[in-house]
1. What is the magnitude of the charge dipole of segment 196-271 about its Cα centre, with +1 placed on the Cβ of each Lys and Arg, -1 on the Cβ of each Asp and Glu, and no other charges, expressed in debye to the nearest 20?
2. Hey, what did the chain get for relative contact order, percent, Cα under 8 Å, at least 6 apart?
3. Summing Lys, Arg as +1 and Asp, Glu as -1, what charge do residues with Cβ under 11 Å from the Cβ of GLU80 carry, GLU80 excluded?
4. Check every DSSP H run in the chain and write down those whose alpha carbon atoms cover 15 angstrom or more along the long axis and whose mean Kyte-Doolittle hydropathy is -1.0 or greater.
5. Full extension from GLU183 to GLU278: what is 0.36 nm times the residue separation minus their Cα-Cα distance, to one decimal in nm?
6. Hand me the GluC sites (Glu not before Pro) from segment 1-49 located in a DSSP loop with no more than 12 other Cβ atoms within 10 Å, in residue order please.
7. Under 20 Å between alpha carbons, and skipping anything fewer than 8 positions from LYS202 in its own chain: which lysines qualify?
8. Determine the alpha carbon to alpha carbon distance for each of LYS112/LYS253; LYS254/LYS286; LYS112/LYS282; LYS102/LYS318; LYS115/LYS206 and list only those over 23 Å.
Amino acid sequence: MLTAKENLREVIRGGKPDRYVNQYEAIQLLFHPFLTHSPKPAPGQENVINAWGVTNSFPAGTPGPFPVHTPDKIVVKDIEDWKDYVKAPPLDFPQAEWDMFKAQYDAVDSSKAYKATFIAPGLFEQTHYLCEITNALVYYITNPDEMHDLIKYLTEWELKLAEGICSNLHPDAIFHHDDWGSEMSTFMSPDMFADFFLEPYKEIYKYYHDHGVELVFHHSDSFGATLVPYMIEMGIDVWQGCMESNNVPELVKKYGGKISFMGGIDNKSVDFSGWTDEDCNKAARKICDAIGPNYFIPCITQGGPGSVFPGTYASLSKAIDEINREKFGITDPDSGRLPWQILF
């Protein structure tokens with residue numbers, strides 16, 4: 001039996017996987033020093049200001065924190081003078097801090113899971129965190145030069161972060177967040193998206209691939225089917241978060257071999273008050289009956305293991321294990337994967 005990591009590699013390469021990869025079983029999310037220098041709210045906590053000056057709150061019962069954009073808390077007051085407001089946080093950390101995180105990477109059994117550095121937010125999210133989302137979307141139309149310059153500034157910061165990560169932590173994967181749409185549409189047209197983000201992401205993801213990172217996982221739990229050709233050009237290996245609205249079976253059929261897809265099970269289908277094991281079993285079987293294990297990883301669409309309502313993620317994993325027993329005769333799925341842990 002292949003380990004979870006070996007099986008994931010077979011899935012992505014279109015080789016001979018011996019089962020479905022079960023959600024995040026082959027990915028150990030790991031972190032880096034910057035996250036300890038940028039305050040973030042705990043569940044239920046409000047109005048925490050991070051290292052970029054963005055105020056975030058984490059309402060109870062939601063998947064994660066989000067920026068607060070009352071007028072007094074918007075960082076960029078005038079897009080034409082954005083340089084007066086946006087100051088990139090420093091990334092020169094003592095070696096002792098890098099070494100502390102490196103010890104956590106070294107503790108992971110790399111035969112069973114990819115050591116994936118978690119990076120968030122991405123370029124688009126950072127622009128609307130700084131500007132407010134409606135403002136940002138307007139600025140892409142009215143002030144394209146300023147937005148190009150702002151994205152270049154953010155890209156240069158990300159590349160410096162990437163240099164520190166690759167030089168000190170040596171991950172074999174990265175898990176990079178940047179939500180590019182709603183459930184039903186992208187936030188901008190594909191042409192506009194490519195104009196602003198294709199080249200910056202090609203530069204960022206090429207740096208990682210050129211410096212020892214085997215796989216780039218990009219999280220966008222949204223509609224993004226029209227952006228997949230650009231994802232491929234950017235160097236994304238796995239799009240995590242592909243919602244049911246994307247017609248994931250068709251995407252796998254059309255693009256499998258160039259990119260892989262991780263998702264297909266929306267939170268709304270399994271992660272709600274009053275959910276049942278039957279809901280999870282039904283959702284898992286629906287997507288697995290529609291798609292084989294090559295180029296596809298059945299997974300809840302949110303950008304990390306877990307769920308808003310306790311127990312949902314574990315129930316979904318149990319359902320996928322049962323499918324693997326039935327379809328592939330895997331009697332001991334736990335033997336090939338790490339016990340889940342968050343090393344931060």
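1. Around 200 debye, computed over segment 196-271.
2. 22
3. My count for the surroundings of GLU80 gives -4.
4. 144-168, 190-210, 312-328
5. Working: separation 95, 0.36 × 95 = 34.20 nm, distance 2.39 nm.
Contour length minus Cα-Cα distance gives 31.8 nm.
6. Numbers: sites: GLU6, GLU10, GLU25, GLU46; in loops: GLU25, GLU46.
Counting only loop positions with at most 12 other Cβ atoms within 10 Å, the GluC sites (Glu not before Pro) in segment 1-49 are GLU46.
7. List returned: LYS152, LYS160, LYS258.
8. Correct reply: LYS112/LYS253; LYS112/LYS282; LYS102/LYS318.
The values are calculated or read from the model by the stated rules, or taken from the named source; none is laboratory data. These numbers were taken from a predicted model, which means no experiment stands behind them. Neighbour counts run over all protein chains shown; Cβ positions are idealised from the backbone, glycine included. With ligands, DNA and RNA removed, areas are computed over all heavy atoms of the protein, side chains included. Shrake-Rupley method; radii C 1.70, N 1.55, O 1.52, S 1.80 Å.
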